[in-house]
Amino acid sequence: MSTVVETVEEPQALPKPAWGKHLVAVAVLAVVLALVPLVLPPAQLSVAVRVLIFAILALGWNIMSGFGGMFSFGHAAYFGLGAYVSVWLLVERGISPWIGMLVGMVVAAAFAAFVGFLALRYRLKGAYFALSTFAFAEMLRLLATNSDLVNRAVGYNVPIRPESSWAFMQFEPGSANYFWIALALTVVALVVTIVFLRSKLGRFTIAVRDDEDAAAALGIPVMRTKLITIALSGAITSVAGTFYVQYYFFVDPDVAFGSSVSIQAILPAVIGGV
C-alpha cells in the first residue's frame with residue numbers, strides 16, 4: 001500500500017502598496033516646483049498659483065467622487081464656505097486667515113456631512129445625488145446674495161495691509177510667497193489623500209464604491225464611511241476657497257458659489273483621471 005502525500009502550497013502574501021514611493025515622489029515634485037518662482041515672470045506665476053488653487057479643489061472633489069464614487073456637482077458649496085468663513089472672520093473680527101482656514105474646514109466638513117446625510121438618507125444615487133449637491137450649492141449662493149450678514153451681492157474686499165504679513169497671508173504683488181503657500185497646501189492635500197487611501201477608512205471607502213451591498217454584508221458601516229469621506233472632501237475643498245479669496249482679495253456669491261467653480265473642480269480630476 002502506497003501513501004500519497006499531498007503538498008499544500010502556502011498562500012502568497014499580496015504585494016504591499018508602494019506608499020513610501022508615492023510620498024517620495026510627492027516630496028521630489030514639491031522640491032522641483034518650489035523652484036518655479038525663480039524662472040517664471042510675475043504674469044505666468046499668477047497662472048501657476050491659480051493652477052495650484054484648482055488642484056487643491058480637484059483633490060478634494062476626487063476623494064468624494066473619484067475614490068468614493070459619489071459624483072458631486074456642488075463642490076462650489078464647500079469652496080464658498082471656506083472663502084466666506086475666512087473672509088468674514090478677517091473683515092468683521094480681524095482674525096488671521098490661517099485660523100479662518102481651520103474654522104472654514106470645520107464648517108465645510110459639517111455642512112458636507114449634513115448634505116450627504118440627507119442625500120443618502122433618501123437613497124439618492126447617480127444623477128439624483130449629483131443634482132442634490134448642485135441644489136445645495138445654489139441654495140448657499142442665493143442665501144449669500146440676499147443676506148446682510150455677508151454683504152449680499154456686494155461681497156467682501158479683503159483689507160490691504162501696509163506691510164507684508166505671514167500672519168495675514170499678504171505680501172507684495174507678484175511675491176513668490178503666494179506660490180509657495182499654494183504649493184505647500186497642495187502637497188498637504190496630496191499627502192492627506194495618500195494617508196486616507198492607506199487607512200482602513202480609505203479601504204472601506206473603495207470597497208463601498210465597488211460593491212455597497214457586499215461591503216455591508218462584510219460588516220463595513222456604509223453610511224458612516226460615506227459621511228466621513230464626504231466631510232473630508234468638503235474640508236479639503238474649503239482650503240482652496242480660503243486661499244483663493246486671500247490671493248485675489250475679493251469674493252462675492254457668484255465667485256464663491258457659482259456653478260463654474262464646481263465645473264473647475266470636476267475637469268482636472270476627470271481629465272487627469274479620477
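The values are calculated or read from the model by the stated rules, or taken from the named source; none is laboratory data. Treat the numbers as computed from the prediction; the structure is a model and nothing was measured. Cβ coordinates were reconstructed from backbone atoms using ideal geometry, including for glycine residues, and neighbour counts include every protein chain displayed. Accessible surface areas use protein heavy atoms only, side chains included; no ligands, DNA or RNA. Shrake-Rupley method; radii C 1.70, N 1.55, O 1.52, S 1.80 Å.
For the chain, relative contact order (Cα pairs under 8 Å, six or more residues apart, normalised by length) works out to 39 percent. Distance distribution P(r), the chain, all Cα-Cα pairs, bin width 5 angstrom from 0: 1, 6, 12, 16, 17, 15, 12, 8, 5, 3, 2, 1, 1, 1, 1, 1, 0, 0, 0, 0 percent. Residues whose amide H comes within less than 5 Å of that of GLN170, counting only those at least five positions distant or on another chain, are SER165 (H built at 1.01 Å from N in the peptide plane).
Remark: relative contact order (the range 133-274) = 39 percent; criterion is Cα-Cα distance under 8 angstrom and separation of 6 or more residues. Quick one: Debye curve from the alpha-carbon atoms of the range 162-220 only, equal weights, vacuum; give me log10 I(q)/I(0) at q = 0.20, 0.30 Å⁻¹ to two decimals. Scattering profile of the range 162-220, log10 relative to I(0): -0.77, -1.09.
Using Cβ point charges alone (K and R +1, D and E -1), the dipole size of the chain about the Cα centre works out to roughly 220 debye. When the helix-only estimate is applied to the chain (DSSP H runs of n ≥ 4, each -39,500 (n - 2.57), divided by the residue count), what is the mean residue ellipticity at 222 nm, nearest 500 deg cm²/dmol? Result for the chain, helices only: -22500 deg cm²/dmol.
Charge tally around ALA83: other residues with Cβ under 13 Å, Lys/Arg +1 each, Asp/Glu -1 each, net -1. With a Förster radius of 25 Å applied to the C-beta separation of ILE271 and LEU38, the computed FRET efficiency comes to 0.30.
If you look at the Cα atoms of the range 191-268, you get an Rg and a Dmax of 16.2, 50 Å. When you count the other C-beta atoms within 10 angstrom of each residue and take the mean per peptide, 27-33, 169-175 line up highest first as 169-175, 27-33. Each residue of the range 77-167 gets 102 Å³ once the volume of the Cα convex hull is shared out per residue.
Using alpha-carbon positions, what is the distance between the centroids of the range 19-80 and the range 92-109, in Å? The range 19-80 and the range 92-109 have Cα centres spaced 20 Å from each other.
Accessible surface computed residue by residue for the chain, with neighbouring protein chains in place and a 1.4 Å probe, gives 53 Å² per residue.
With each label modelled as a point 7 angstrom along the Cα→C-beta vector, the SER199-LEU143 pair spans 2.6 nm.
The HN-Hα couplings worked out from phi for the range 190-195 by the Karplus form 6.51 cos²θ - 1.76 cosθ + 1.60 (θ = phi - 60°) are 5, 5, 4, 4, 5, 5 Hz, whole numbers, x standing for Gly and Pro. Which FRET efficiency value, to the nearest 0.05, do you get for ARG50 and LYS125 by plugging their Cβ-Cβ distance into 1/(1 + (r/R0)^6) with R0 = 25 Å? Approximately 0.15, to the nearest 0.05. Among the GluC sites (Glu not before Pro) within the range 125-225, those in coil by DSSP and having at most 10 neighbouring Cβ atoms inside 10 Å are GLU163. Between VAL222 and GLU172, residue separation times 0.36 nm minus the direct Cα-Cα distance comes to 13.2 nm. Ligands, DNA and RNA left out, the accessible area of the range 234-274 computed with a 1.4 Å probe is 66% carbon and sulfur.
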